[in-house]
Amino acid sequence: RYSGKNYDELKSILNLFILRRMKKDVLQELPQKSEQIIYCDMEQAQRKLYTGINVAVKKAIMNLKAFAAPVVLKGLTLLRECCCHPLLLNDETNVDNVSESCKLDTLELLVDNLVGSGHKILIFSNYTSMLQLIQDALEKNEHYNRIIYYLDGKTKDRIDVVNRFESADEGIFLISIKAGGVGLNLVSAQDVIIYDPWWNPFVEQQAVDRAYRIGQDKPVTVYKLVVANTIEERIVEMQKNKENDFDELINGISTDKNIDLKDIIEVLK
């Protein structure tokens, strides 16, 4: 009904039920937040692997006689995993045992720069297996080995881990976006790295808000790592479209909630 983006009717309906407060209006003392997308380029071996998966996924989907969510989801997941790190793939997919990841290489350089500048960092990923690979790579640095913190759905002492990170002078916090995207207060960090983009941009925003919230007194920088010329660029485009739709629908909704009864009756027709 609203696929043509004719949102006037939908706005009038939502206006009756939504009361919106912007964080910037409520928390005017919050410092500035900025966002930077860092594009990564695959080396030859990883690109060859990604291209092969992409061709196979397209072929599998085109051969479907009817939409099959498991087939589509598996294909998209394989492409996303290849972007994160080929080692996330099983041996049947990664037949050449490709072990290089342009994104992990980029992350290591970024972490070196930020830690060297005295910053504390939050690193979010959708894949706990990717967080383990990141941890293994960073712990090769003896200094990082002492300042890495980790949290996923299996972490039992969440409060203790958070408190230790918050009280430390240095810290690199690896967090599963599903387990730690809400409910944590991590205002000692001033840099947030989204390792792999997620379809829903508001899930990422919730993750960023672990640092950008009441108590934050430093500017917050959000870094999004995106592999160029892959599905990740398409995901970022979809995120922007969803954010634009949200802004068009929600921004401009009246803050005056003195709704006349006739407006409610009109909605119920």
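The values are calculated or read from the model by the stated rules, or taken from the named source; none is laboratory data. Just so it is clear, the model here is predicted, and its values are computed rather than measured. Note that each Cβ is placed from the backbone with ideal geometry, even for glycine, and that neighbours are counted across all protein chains shown. Accessible surface is based on the protein model in full, side chains and every heavy atom, while ligands, DNA and RNA are left aside. Shrake-Rupley method; radii C 1.70, N 1.55, O 1.52, S 1.80 Å.
Tallying residues that are acidic (D, E), closer than 26 Å to V187 by Cβ and either in a helix (DSSP H, G or I) or under 14 Å from the mean Cα position of the chain (by Cα) (or both) within region 207-251 yields 2. The single condition among (1) open to solvent by less than 40 Å² (accessible area, probe 1.4 Å); (2) charged (D, E, K, R); (3) farther than 18 Å from N54 by Cα that D136 does not satisfy is (1). If the condition is being over 23 Å from S101 (Cβ atoms) and surrounded by 22 or more Cβ atoms within 10 Å (Cβ to Cβ), then region 217-236 contributes only V220.
Of all the residues that make up region 1-38, how many are open to solvent by 50 Å² or more (accessible area, probe 1.4 Å) and part of a loop (DSSP other than H, G, I, E, B)? Number satisfying all stated conditions: 14.
Taken over region 89-109, the residue count meeting the criterion of being under 19 Å from the mean Cα position of the chain (by Cα) and open to solvent by less than 20 Å² (accessible area, probe 1.4 Å) is 5. Checking the structure you have, find out if any residue of region 200-210 is of a type in the set (G, A, S) and surrounded by fewer than 21 Cβ atoms within 10 Å (Cβ to Cβ). The answer is no; no qualifying residue exists. Within region 154-179, the residues that satisfy the criterion of being open to solvent by less than 70 Å² (accessible area, probe 1.4 Å) and either part of a loop (DSSP other than H, G, I, E, B) or under 17 Å from K120 (Cβ atoms) (or both) are T155, V161, V162, F165, E166, A168, G171, I172, F173, L174, I175.
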